[in-house]
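Visitor: A single structure is presented below for examination.
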Amino acid sequence: MTRNRLPVLVTGATGRVGRAVVGQLLDAGVPVRALTHRSEAAATLPGSVDVVTGDLTVPESLDAGLRGVSAVFLVWTVPPATAPAVVERLAIYARRVVFLSSPHQTPHPFFQQPNPMAVLQATIERLIAAAGLESTIIRPGMFASNTAFWWATAIRAGSVVRWPYGAAETAPVDDRDVAAVAARTLYEDGHAGGDYVLTGPESLSQADQVSIIGDVVGRRIRYEELSPDEFRSETAGSWPHPVVDMLLAAWGAAVGRPAFVTTTVSDILGSARSYRQWVADHATLFVDGPRPSS
Ligand SMILES: NC(=O)c1ccc[n+]([C@@H]2O[C@H](COP(=O)([O-])OP(=O)(O)OC[C@H]3O[C@@H](n4cnc5c(N)ncnc54)[C@H](OP(=O)(O)O)[C@@H]3O)[C@@H](O)[C@H]2O)c1
């Protein structure tokens, strides 16, 4: 294992994966600089982190944070316009980049549906390669934590989970495992050129995932199948249309076949957390009562 003396710049450091990457790097003794575009976010990060402000939509705002870093963990959740200028700047200051992408090259129907985010991620991967940066591409499938965003409110309220494509199988990957793999590739030698598709260890239908939550919280949760059009109506006004279309297309294409499952997480970390484990560790999200602060 190589201990970096220079800090790693973590973008998306207040987000699901980036925040866990920060924790993993600190645990490994790697100095961390965290990028945030909201100055108030500094207070939510560990005190030992050097927090810098910068905005991926304003490339020149990144210079101060990039100065003197060994590597960058790149999470892109903003529009594409500034990606070329940002990657150009990364290449000036850093030797390595680890990019949080998606399995858009994986030949399973779930990953081969129209997906504007995947198009953007493919573009960023090409920019990284063209800039001559040493890179590792991290490609997680569906995050286990998505299911809390989707179903926790209904489950906490004791309501039925109304959802489309209950038979569609996915292999939810624990966000902590995604972050742990990403962190390893930032502080351990041997991951330059790595291209890692990360999934959970088992294929589970969406209806099975709801049942697992019920098992863990100790009550039966009713599941009601929605048609795609009903789902569109239910989410209208609260979810962006392109996201709804992307998810419906992916789930629709996944029906009738097992999800794509890799062993990459356990190959790199020694074990991979199951979806049941993720639910057990986050059960408070699904039971009524005071919410945890993070
Ligand atoms: N959800 C899934 O199932 C899934 C699966 C595969 C891949 N992915 C990919 O994972 C990525 C999202 O990761 P995540 O869920 O960890 O993110 P997240 O929780 O949505 O957090 C987004 C992060 O982006 C930062 N950010 C937003 N606008 C910014 C700006 N203008 N400049 C700099 N930083 C900005 C936010 O920081 P501030 O605190 O500064 O706002 C925040 O830390 C996406 O690229 C997605 O495609 C997701």
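Visitor: Could you please give the count of residues in segment 263-294 that are at pLDDT 95 or above, in a loop (DSSP other than H, G, I, E, B) and among the hydroxyl-bearing types (Ser, Thr, Tyr)?
Guide: Residues meeting the conditions: 3.
Visitor: Given (1) within 20 Å of the chain's Cα centre (by Cα); (2) surrounded by 19 or more Cβ atoms within 10 Å (Cβ to Cβ); (3) more than 23 Å from residue 185 (Cα to Cα), where does residue 281 come up short, assuming only one miss?
Guide: (2)
Visitor: With the requirement that a residue be touching a Gly at 6+ places or on another chain (Cβ under 9 Å), exposed (fewer than 15 other Cβ atoms within 10 Å of the Cβ) and in a loop (DSSP other than H, G, I, E, B), what does segment 63-79 give you?
Guide: 77 - this is the single residue of segment 63-79 that is touching a Gly at 6+ places or on another chain (Cβ under 9 Å), exposed (fewer than 15 other Cβ atoms within 10 Å of the Cβ) and in a loop (DSSP other than H, G, I, E, B).
Visitor: Considering every residue within segment 37-48, establish whether at least one is among the hydrophobic types (A, V, I, L, M, F, W, C) and without any contact (Cβ under 8 Å) to a residue 24 or more places away in the chain.
Guide: Looking only at segment 37-48, we keep the residues that are among the hydrophobic types (A, V, I, L, M, F, W, C), and these are 41-43, 45.
Restricting the remaining residues to those that are without any contact (Cβ under 8 Å) to a residue 24 or more places away in the chain gives 42-43.
Checked segment 37-48: at least one residue is among the hydrophobic types (A, V, I, L, M, F, W, C) and without any contact (Cβ under 8 Å) to a residue 24 or more places away in the chain.
Visitor: Then there's this: If residue 139 meets every condition in (1) of a type in the set (Lys, Arg); (2) touching a residue at least 60 places away in the same chain (Cβ under 8 Å); (3) within 25 Å of residue 251 (Cβ to Cβ) apart from one, which number is that one?
Guide: (2)
Visitor: Could I ask something else about it? Restricting attention to segment 231-262, which residues are outside any helix (DSSP H, G or I) and in contact (Cβ under 8 Å) with a residue 60 or more places away in the chain?
Guide: Within segment 231-262, 255, 256, 257, 258, 259, 260, 261, 262 qualify.
Visitor: Could I ask something else about it? Under 9 Å between Cβ atoms, which residue pairs at least 6 apart in sequence (or on different chains) link something in segment 17-31 that is within 16 Å of the ligand (Cβ to nearest atom) with a partner that is of a type in the set (Asp, Glu) and at pLDDT 95 or above?
Guide: 17/175; 20/175
Visitor: Based on what the data block shows, is residue 73 among the hydrophobic types (A, V, I, L, M, F, W, C) and either in contact (Cβ under 8 Å) with a residue 60 or more places away in the chain or farther than 19 Å from residue 183 by Cα (or both)?
Guide: Numbers: among the hydrophobic types (A, V, I, L, M, F, W, C): yes; either in contact (Cβ under 8 Å) with a residue 60 or more places away in the chain or farther than 19 Å from residue 183 by Cα (or both): yes.
Yes; evaluated as a whole, the condition is true for this residue.
Visitor: To continue, here is another question. Check off (1) in contact (Cβ under 8 Å) with a residue 12 or more places away in the chain; (2) within 16 Å of the ligand (Cβ to nearest atom); (3) under 18 Å from the mean Cα position of the chain (by Cα); (4) not in a loop (DSSP other than H, G, I, E, B) for residue 200 and give me the number that stays unchecked.
Guide: So residue 200 meets the others, but not (4).
Visitor: Here's a follow-up. In this structure, does residue 141 turn out to be on the phi > 0 side of the Ramachandran plot and not aromatic (Phe, Trp, Tyr)? Walk me through how you get there before you give the answer.
Guide: Details: on the phi > 0 side of the Ramachandran plot: no; not aromatic (Phe, Trp, Tyr): yes.
No.
Visitor: In this structure, does residue 99 turn out to be touching a strand residue (DSSP E or B) at 6+ places or on another chain (Cβ under 7 Å), closer than 30 Å to residue 245 by Cα and more than 8 Å from the ligand (Cβ to nearest atom)?
Guide: yes
Visitor: Okay, moving on. When segment 17-59 is examined, which residues are found to be part of a loop (DSSP other than H, G, I, E, B) and either of a type in the set (Ser, Thr, Tyr) or within 17 Å of the chain's Cα centre (by Cα) (or both)?
Guide: 48, 57
Visitor: For segment 138-154: of the residues being near the ligand (Cβ under 7 Å from one of its atoms) and closer than 13 Å to residue 282 by Cβ, which is surrounded by the fewest Cβ atoms within 10 Å (Cβ to Cβ)?
Guide: 146
Visitor: Could you please find all residues in segment 165-206 being closer than 30 Å to residue 223 by Cβ and surrounded by fewer than 18 Cβ atoms within 10 Å (Cβ to Cβ)?
Guide: The answer is 167, 202, 203.
Visitor: Name the residues in segment 32-60 that are more than 10 Å from the ligand (Cβ to nearest atom) and surrounded by fewer than 17 Cβ atoms within 10 Å (Cβ to Cβ), would you?
Guide: If the condition is that a residue be more than 10 Å from the ligand (Cβ to nearest atom) and surrounded by fewer than 17 Cβ atoms within 10 Å (Cβ to Cβ), then 43, 46, 47, 48, 50, 60 are the ones that fit.
Visitor: Being assigned to a strand (DSSP E or B) and among the β-branched types (Val, Ile, Thr) is the filter; apply it to segment 1-16 and report the residue that is farthest from the ligand (Cβ to nearest atom). Steps first, please.
Guide: Quick first cut of segment 1-16, residues assigned to a strand (DSSP E or B) only: 8-10.
Right, trim to among the β-branched types (Val, Ile, Thr) and you get 8, 10.
Details: 8: 15, 10: 9 Å.
Here the answer is 8.
Visitor: Answer yes or no as to whether residue 213 is among the hydrophobic types (A, V, I, L, M, F, W, C), outside any helix (DSSP H, G or I) and within 17 Å of residue 152 (Cα to Cα).
Guide: Criteria not met by residue 213.
The values are calculated or read from the model by the stated rules, or taken from the named source; none is laboratory data. Since we're looking at a predicted model, the values are computed, not measured. Cβ: placed from backbone, ideal geometry, glycine included. Neighbour counts: every protein chain shown.
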